[in-house]
Each structure stands twice: as C-alpha cells, then as structure tokens.
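Taking it in order: structure first as structure tokens, then the write-up.
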Amino acid sequence: MRADFAEYYGLDIDRMGVDYSALHAAELLSNLPDGARTRIAYDKGAVWTIDRTLAAAETNALHYLLWAQTKDGRKGRNKPKLIGPFERQHVHRKQALAMTVEELEEILSRPRGGIPNG
C-alpha cells in the first residue's frame, strides 16, 4: 500500500491522519487501478491491465492466424492455447444469498458503525 500510494497518488502513508484522513485513504485504496501491487495481492486478475490484456489478445490472434495456415488448423486440431485472461476455460459462478424482502429490510435497518476519527 505504501508503494502504491506513493506511485499513484504522490502521498506518504506516514502522513495519513495529518495531511489526509483515514477515510480519504480508504477511498483512494478502493480506487487503485488494475496493476497496482495492493490490488494484485487481493485479486490476481488485477494484473491484467488494459495494456496487458490487449497485448495478450494480439498475441492470441497472431497464434490463431499462424495455426490456421497449418495442416492441424485446416483440420481443426491442436488449437493454440490462449494466454492472458482468456486462458480460463470455465466461467466462475458467483454464489448468491437468497432472502425475503423483509429479511433484507431488517438487515438494512440495523445500526452501522462509523469509522472512528484519529
């Protein structure tokens, strides 16, 4: 986080609470771009920035075009493996929590704790 705050925001993390609040730091932290060290630590997919994703797509397209000109390509065998975020073969399904409208309203009506100052 220290390196990301310095690189992306020009902020010294040791000045939090003096030059900027913890709430401000939390907002900045939640908006770090893909490729930021902190994001990658929690989400391995964040390594795929738009630049890297486009480069992987171009490489995949080139591999496919070259493969299509081979005997295997003409017969549809041994397709080249995709690289980058495209290499995942299956879609991950997110699990959902089912509840009634009343249960949701009860959860939303609960008191929420604020972020302590200091």
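Structural remarks
- On inspection, ALA6 passes the criterion of being open to solvent by less than 80 Å² (accessible area, probe 1.4 Å), modelled with pLDDT of 90 or more and not basic (Lys, Arg).
- Each residue in the stretch 22-59 was checked for being over 28 Å from LEU82 (Cα atoms) and touching a residue at least 24 places away in the same chain (Cβ under 8 Å), and 4 of them qualify.
- Among all positions in the stretch 71-83, there is no residue which is open to solvent by less than 90 Å² (accessible area, probe 1.4 Å), of a type in the set (A, V, I, L, M, F, W, C) and outside any loop (DSSP other than H, G, I, E, B).
The values are calculated or read from the model by the stated rules, or taken from the named source; none is laboratory data. Every value quoted in this text rests on a predicted model; they were computed, and no experiment measured them. Heads up, the Cβs are rebuilt from the backbone with ideal geometry, glycines too, and the neighbour counts pull from every protein chain shown. Surface areas here come from the heavy atoms of the whole protein model, side chains and all, with no ligands, DNA or RNA. Shrake-Rupley method; radii C 1.70, N 1.55, O 1.52, S 1.80 Å.
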